[in-house]
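A.B. asks: Mind looking over this structure? Questions follow.
The values are calculated or read from the model by the stated rules, or taken from the named source; none is laboratory data. Source: prediction; values computed, not measured. Neighbour counts are summed over all protein chains in view; Cβ atoms, including those assigned to glycine, are modelled from backbone coordinates with ideal geometry. In case anyone asks, the SASA skips ligands and DNA or RNA and just uses the protein heavy atoms, side chains included. Shrake-Rupley method; radii C 1.70, N 1.55, O 1.52, S 1.80 Å.
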Amino acid sequence: MPGTPTTVLVVDDHALFRDGLIALISRWEDFEVVGSASDGVEAIQLARRLRPQLVLMDVRMAGMGGVEATSAITAADHETRVVMLTMSNLGEDVYQALRNGALGYLSKDEPADRLHEYLVGVMKGEVALSSTIAAKVLAEFGTASRTSAIPIPPSHERLTNREREVLRFVVDGLSNEEIARRIHLSEATVKKHLGSIMTKLHMRNRVQIAVYGVRQGIVE
């Protein structure tokens, strides 16, 4: 018997795209749209009232944009996961969105089946980055100065050998389940290691961990 579907709030100021996305999600048994908004202010209000598990957030909208709205939503409810949707080229928005707690940054032209895979992954604790965006994110963060959107601690020596091993697998894009199988641990133990890594490095999500690993030379 299938489990309870993930509740979704869709936020986009283009009605045609918003309605199309809602129609697409309605075909998936494991997700359920519980509301929609056309700007950041409305998104914050609905997120507080509906408490969706997942928010699909347009990056740039008239009035309050998605990046600012993401900050307010994730600060108010740490259980709500936000994935940004964009048609624009990579810019400062992606860094700010990830710093504000977004767990994904996807292109709006992703195929429907691939979008579904990304969102399923997010609900398992993974990060969703379109392949082209992921490559650019790592490249941009790799060359960014220390005044960039995501602060990088000066040393990774505080990590244990096991935590460094987990970090390497995160950079490789493995899920918690896959990491657990690789190093013969339970998923709960892997999650505990990830929590320790984030606490020690003052980071909020897996994207920041991956960027840290690349910039510090822990992984190539």
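A.B. asks: For a quick check: with amide H placed at 1.01 Å from N, whose amide H comes under 5 Å from Arg60's, ignoring anything fewer than 5 positions away on the same chain?
C.D. replies: Close amide H contacts, sequence-distant or interchain: Gly66.
A.B. asks: Taking the Cβ-Cβ separation of Arg114 and Lys191 as r and a Förster radius of 30 Å, what is the calculated FRET efficiency to the nearest 0.05?
C.D. replies: With a Förster radius of 30 Å, E is 0.75.
A.B. asks: Follow-up question, since we're still on this one. With θ taken as phi - 60° and the coefficients 6.51, -1.76 and 1.60, list the Karplus ³J(HN,Hα) couplings across region 185-190 in order, rounded to whole Hz; mark glycine and proline as x.
C.D. replies: Each residue's phi maps through the Karplus curve to give 10, 7, 4, 4, 5, 4 Hz.
A.B. asks: Which semi-axes, in whole Å and largest first, does the equivalent ellipsoid of region 40-114 have when worked out from the alpha carbon gyration tensor as the square roots of 5 times its eigenvalues?
C.D. replies: 19, 14, 12
A.B. asks: Something else about it: Quick check: Cα centre of region 24-43 to Cα centre of region 96-131, how many Å?
C.D. replies: 15 Å
A.B. asks: Probe radius 1.4 Å, ligands and nucleic acids ignored: give me the carbon and sulfur share of the accessible area of region 1-98 as a rounded percent.
C.D. replies: Carbon with sulfur: 50 percent of the solvent-accessible area.
A.B. asks: Can you work out the accessible area per residue across region 5-86, with the rest of the protein chains kept in place, probe 1.4 Å, in square angstrom?
C.D. replies: That works out to 46 Å² per residue.
A.B. asks: For the pair Arg182 and Glu29, how long in nm is the line joining their label points, each one 7 Å along Cα→Cβ?
C.D. replies: Distance between label points: 3.2 nm.
A.B. asks: Averaging sequence separations of C-alpha pairs under 8 Å and six or more residues apart, then dividing by the length of region 1-64, give the relative contact order as a whole percent.
C.D. replies: 44 percent
A.B. asks: Further, regarding this structure: According to a simple spin-label model (label point 7 Å from Cα along Cα-to-Cβ), what is the distance in nm between Ala15 and Asp77?
C.D. replies: 2.6 nm
A.B. asks: P(r) tail for region 28-83, what percent of Cα pairs lie past 16 Å?
C.D. replies: It works out to 33 percent of all Cα pairs.
A.B. asks: Tabulate in residue order the Karplus-calculated ³J(HN,Hα) for region 104-109, using 6.51 cos²θ - 1.76 cosθ + 1.60 with θ = phi - 60°, rounded to whole Hz; enter x for Gly and Pro.
C.D. replies: Listing the rounded values in order: x, 8, 10, 6, 6, 9 Hz.
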